[in-house]
Number of protein chains: 2
Amino acid sequence: MMPGKQPRTRIQKKNTETILEAALEVFSQHGFRGSTLDQIAKAAGLSKPNLLYYFPSKVAIHRALIDELMQNWLDPLRKIEADGEPVEELLAYVLRKLEMAREFPRESRLFANEIVQGAPNIMDKIEGELKSLVDEKARVIEGWIASGALAPVNPYHLIFSIWSTTQHYADFDAQVRAILQPEGDAHFEDAAAYLDTLFRRMLTP
Amino acid sequence: MMPGKQPRTRIQKKNTETILEAALEVFSQHGFRGSTLDQIAKAAGLSKPNLLYYFPSKVAIHRALIDELMQNWLDPLRKIEADGEPVEELLAYVLRKLEMAREFPRESRLFANEIVQGAPNIMDKIEGELKSLVDEKARVIEGWIASGALAPVNPYHLIFSIWSTTQHYADFDAQVRAILQPEGDAHFEDAAAYLDTLFRRMLTP
DNA sequence: GTCTATAAGGTGATAGAC
DNA sequence: GTCTATCACCTTATAGAC
């Protein structure tokens, strides 16, 4: 009777997922304001009122998507282990982020759309969860530097540069492809090699 | 009688500029679809019909803004001199781009909004002007590498990484400030130092 | 659970007075 | 050149039949 929170039947679960998949496609391409329920309904193969049977409002669909995204978005950063080999831990993080940009470009653009516009819906999560995690990992990095296993570097700007260089291949995909012209996804291999070199030279003591 | 192309009087020129300034503020924050003429009119201190006296339509305002932006956007890249000292030329380019992110964050976000959404209005300029310029500078960089003055590096991905790391401080400003908390613009100094080190280590043979 | 019909409000653009 | 008034359309959301 009132789905949206916890779908009961198989059909409800399936439709909820179909809607979120369609909404991801639309929101990531046009932003929140630029997307309409008509577009999402059409992409989901449902009628507009039926859409609103599963979610109470447009903003509820967007919120569900953002919540789901924030769950997974920080995983690669969480995986950095304080007792690993510093340079390799960070290079593995770079590769994981690049892999996410290739596998989940729509999620990356959904996030980018949100931040570029001032993060109106996720500022609490950024100031809370995200900042805490970054602070924690920054201390790990500082520890590595103190031990001499890592070249001295501002940990926050290091993390920013890892985010920006990797997410660039998802968020600015249209520009990247226009400049590299014919190649399909082949440039991801080159990007991986380039970023490995870039950060290896930066981080090796 | 028909401004928008070439304003004749001083008042027309001033109003046109006021409108573009207001439109930059609004479009860069909300994207094209998310912005309304009401918002722009209010920000410009004009009535909506008066706005449409100076520009024939909403899209015309946006186009004027984008055209103006593309004029200046490529300047820092153009300034790279083939007969300069390679590493210093490129590091100066990094600094110029970072300076632009600090001075013109709204322009950067206007551009980012456009690209993230697939560059619907500027794909021709990206495939034309921008690509040509990047190809040209890529050849310059390859020449430097061949001469041994620069470490071997993929010139295209080098340029992408310079764009992404510098523009990040404008486009993802909300996130950067949330994570670095109290500091105002102070982090730009740290960013400049960090990026100088990052690219110096990458590029020095 | 899903549809048609429609309400209610916003939005781009125009007409016409001043 | 600038305003008030207004049109035509689009968009979110709801009501009610089936």
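Listing for the model above:
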item: Residue in the stretch A:138-151 that is on the phi > 0 side of the Ramachandran plot and either at pLDDT 95 or above or not assigned by TED's automatic domain parsing to the domain that holds A:Phe172 (or both) present; result: yes
item: Which listed residue, of A:Leu98, A:Leu90, is more than 10 Å from every other protein chain (Cβ to nearest Cβ), within 24 Å of B:Phe188 (Cα to Cα) and either modelled with pLDDT under 95 or in contact with a helix residue (DSSP H, G or I) (Cβ under 7 Å, 6 or more places away or on another chain) (or both); result: A:Leu90
item: Filtered residue count, the stretch A:24-61, keeping only those that are buried (at least 20 other Cβ atoms within 10 Å of the Cβ) and more than 16 Å from DNA strand C (Cβ to nearest atom); result: 4
item: Failed criterion for B:His168 (all others in (1) surrounded by 21 or more Cβ atoms within 10 Å (Cβ to Cβ); (2) part of a loop (DSSP other than H, G, I, E, B) hold); result: (2)
item: Among the candidates B:Glu189, B:Glu183, residue that is more than 21 Å from the chain's Cα centre (by Cα) and farther than 17 Å from A:Gln167 by Cβ; result: B:Glu183
item: Residue match in the stretch A:157-168 (condition: farther than 26 Å from B:Ala193 by Cβ and more than 8 Å from chain B (Cβ to nearest Cβ)); result: no
item: Residue list for the stretch B:25-42, filter: away from chain A (no Cβ under 14 Å) and within 20 Å of B:Phe111 (Cβ to Cβ); result: B:Ile40
item: Single match in B:Pro120, B:Pro76 (criterion: touching a helix residue (DSSP H, G or I) at 6+ places or on another chain (Cβ under 8 Å) and either closer than 27 Å to B:Ala191 by Cα or of a type in the set (A, V, I, L, M) (or both)); result: B:Pro76
item: Residue satisfying all of: in the stretch B:101-117; hydrophobic (A, V, I, L, M, F, W, C) and either at the interface with chain A (Cβ under 10 Å from one of its Cβ atoms) or not in a helix (DSSP H, G or I) (or both); farthest from B:Met202 (Cα to Cα) among these; result: B:Leu110
item: Candidate set from the stretch B:129-151 (those that are more than 9 Å from chain A (Cβ to nearest Cβ) and in a loop (DSSP other than H, G, I, E, B)); member that is nearest to A:Leu195 (Cα to Cα); result: B:Leu150
item: Any hit, the stretch B:190-202, residues being under 30 Å from B:Ser35 (Cβ atoms) and either at pLDDT 95 or above or exposed (fewer than 15 other Cβ atoms within 10 Å of the Cβ) (or both); result: yes
item: Residue check, B:Asn113 surrounded by 20 or more Cβ atoms within 10 Å (Cβ to Cβ), under 13 Å from the mean Cα position of the chain (by Cα) and under 23 Å from B:Glu21 (Cβ atoms); result: yes
item: From the options A:Asp83, A:Asp67, residue that is away from DNA strand C (no atom under 16 Å from the Cβ), loosely packed, with under 13 Cβ neighbours inside 10 Å and assigned to a helix (DSSP H, G or I); result: A:Asp67
item: Helices (runs of 4 or more DSSP H) within the stretch A:4-64 that include 1 or more residues more than 9 Å from DNA strand D (Cβ to nearest atom) and modelled with pLDDT under 95; result: A:10-34
item: Residue check, A:Ile126 under 15 Å from the mean Cα position of the chain (by Cα), among the β-branched types (Val, Ile, Thr) and at the interface with chain B (Cβ under 7 Å from one of its Cβ atoms); result: yes
item: Every residue from the stretch B:70-80 that is modelled with pLDDT of 95 or more and crowded, with 18+ Cβ neighbours inside 10 Å; result: B:Pro76, B:Leu77, B:Ile80
item: Out of A:Arg177, A:Arg201, sole residue that is at the interface with chain B (Cβ under 7 Å from one of its Cβ atoms) and not β-branched (Val, Ile, Thr); result: A:Arg201
item: Among the candidates B:Asn72, B:Asn121, residue that is more than 10 Å from chain A (Cβ to nearest Cβ), within 21 Å of A:His168 (Cα to Cα) and not small (Gly, Ala, Ser); result: B:Asn121
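The values are calculated or read from the model by the stated rules, or taken from the named source; none is laboratory data. Quick caveat: nothing in here was measured; it's all calculated off a predicted structure. Counting neighbours? That spans all protein chains shown, and the Cβs are built from the backbone with ideal geometry, glycine included.
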